[in-house]
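Structure, as structure tokens:
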Amino acid sequence: MRSDIAIVGAGHNGLVAAAYLARAGFSTTVLEARDQVGGACVTEELWPGYRVSRAAYVAGLLRPAVIRELALEKRGLRLLRRDPSSFTPLPDGEGLLLGSDPSANREQISHFSQRDANRWAEYEQFLDGAARVLEPLLDEPVPDPARLRWRDLARLGRMVRGALGMRGDLARVLSLLLGPARPALEGWFESEPLRGTLATDAVIGAWASPSSPGTGYVLFHHVMGETHGERGVWAYVQGGMGALSESIASAAREAGASIRTGVPVASIDVADGRVGGVTLEDGSVVEATTVVSGADPHRTLLGLVGAGELPNSAVRELNAMDFRSPSLKINLALDRLPRFLCRPEAAIGPEHSATIHLGATSLDQLDAAFDEADHGHFPERPMVELTLPSALDATLAPPGRHVASMFVQYVPLESPAQPCDPRDLDAFVHRVFGLVEEVAPGFSDSVLHHEVLAPRDLQRIFGLTGGNIFHGAMTLDRLLFMRPIAGWTPHRTPIAGLYLCGAGTHPGGGVMGACGRNAALEVLRDLRR
């Protein structure tokens, strides 16, 4: 079989790239190992009648350009606005509920600190101003200062003008982007659980605590979420996250792309430093002079290409990348929604649509949880994000029943020499259930089914090296033109004709679609040249 372009993996970024490349008139074939599209952005019926967003679980970072240019809403994408978006219930019966209403937020925060309530609007304005300057960087490959092209000068000019326009806030923005999240948040606020709630965005998916350098950027990365133009408002996808992937796949197919599922790629074929196509596990070959991989850099280059085809320097750099993962995903089927001590009403309330923060709800507790995991132990009070998408989307569960998701940090690292004892993992999961019980008694009895995905499971099922949801750590040395490796031209690899379009490239992790779109633009520049 021959195709102009072969795309390895039908994750959402691979599908976005396929849609843009096929629309440009190139024959494009997408090859996916699993029997459905979406990669880690999928909906699966784990138990009869219960449809679960098995890995990725909320939307908000998907770029407006992708939604608009691929007409995703006309293809069935429905984003269910979550407002309020954050709820932190406490064992003493108090709670913090945050959303888009400024006066409601001030009232909620004032229960813990009037000073913090007075500063909240200024904090949001500060983040919004920074986001407006930096957000355009998401929608185009970042120029490498060492390899500037003429078209890069205009982009750099816009960046400089935007930075100068921030005036007095520039120093604070740089302090946030380059430093740890903890001192930045302590500089703004004095109370818990406000600081701990905000800090979860700084460490989600990262082998780091709020006190680790670089977590300020991760905090800002997630702050850029929006729904229908509303900053900071995240959404559920009606039908689960897989419906988002299906809408992108629809755009790709309409443009002429062929999407094949259930066809694992065994190797990316290289001869004399140039890609020639891919070989599938069944031995068949797809010939292509351009290959775009949605897999992470390590799996693509060291796994599918092989170290023997790469310069020694590239092998060293790839082996030095950080793919450690602190994350555990628990998917659940429930016979009822939890009722919280601070909001005991029986009906579905605004808190049920939010991300519910449990366990480690202060900066000290988050630091302690990371320290325990870093020393090889399951923490006593891990960070838990509980979401209940069926509170807004009745299509996900049978009438009167619900699905839930728990994203848990931190879990200690595993290795072949030191695998996790299944008994320890099971005890930890029940400890997590106990943390919900502290604020919502009876939760454990409501659990009908549950699935536990440790980092090794995320690697086995979704092909994420180390179980890292960002395709590699988003540390300061792996951002912008240094992602995945400093010195590489954006989205390109040392192999001629082989490109990367996954979250291991700029602008990084999350269900954004930006990596796939930016990669497609770079591929098209090369092909048209």
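The values are calculated or read from the model by the stated rules, or taken from the named source; none is laboratory data. It should be emphasised that the depicted structure is a prediction, and the values quoted were computed from it without experimental measurement. Note that we place each Cβ from the backbone using ideal geometry, even for glycine, and neighbour counts take in every protein chain shown. For the accessible areas, the whole protein counts, side chains as well, though only heavy atoms, and no ligand, DNA or RNA atoms are used. Shrake-Rupley method; radii C 1.70, N 1.55, O 1.52, S 1.80 Å.
Ranking THR395, LEU70, VAL263 by how far each Cα lies toward the positive end of the dipole of the chain (charges on Cβ) leaves LEU70 at the top. In the chain, a dipole from Cβ-located charges (positive for Lys and Arg, negative for Asp and Glu) runs towards its positive end, and of ASN518, MET241, ALA202 it is ASN518 whose Cα lies farthest in that direction. Which of the listed residues, GLY273, PHE220, ASN13, is farthest toward the dipole's positive end in the chain, when Lys, Arg count +1 and Asp, Glu count -1 at the beta-carbon? Checked the options; the winner is GLY273. Take every Cα pair under 8 Å whose residues are at least 6 apart in sequence, average their separation, divide by the length of segment 1-127, and the relative contact order is 13 percent.
Looking at segment 25-149, what % of the alpha carbon pairs are farther apart than 18 Å? Write down the numbers at each step before the final one.
Details: 5793 of 7750 pairs.
Everything past 18 Å amounts to 75 percent.
Seen from SER325, the other residues with C-beta closer than 11 Å to its C-beta sum to a net charge of 0, counting Lys and Arg as +1 and Asp and Glu as -1.
Can you compute the charge dipole magnitude of the chain about its Cα centre, using +1 on each Lys and Arg Cβ and -1 on each Asp and Glu Cβ, nothing else charged? Give it in debye, rounded to the nearest 20.
Details: 50 positive and 62 negative charges, 396 e Å.
Roughly 1900 debye, rounded to the nearest 20.
In whole Å, how far is the Cα centre of segment 207-277 from that of segment 304-324? Centre-to-centre (Cα) distance: 22 Å.
Show LEU70, LEU337 ordered by accessible area, largest first, where the area counts protein heavy atoms only and the probe is 1.4 Å.
Details: LEU70 5, LEU337 25 Å².
The ordering from most to least exposed comes out as LEU337, LEU70.
The candidate values are (i) 24.5, 89; (ii) 22.5, 68; (iii) 33.5, 133; the one derived from this structure for Rg and Dmax of the Cα atoms in Å carries the label (ii). Averaged over residues, the count of other Cβ atoms within 10 Å places the peptides 328-335, 409-416, 356-363 in the sequence 356-363, 328-335, 409-416, highest first. Computed about the Cα centre, the dipole magnitude for segment 386-529 is approximately 940 debye when only Lys and Arg (+1) and Asp and Glu (-1) carry charge, each at its Cβ.
At the residue level, SER85 shows approximately 30 square angstrom of accessible surface with a 1.4 angstrom probe and all protein chains present.
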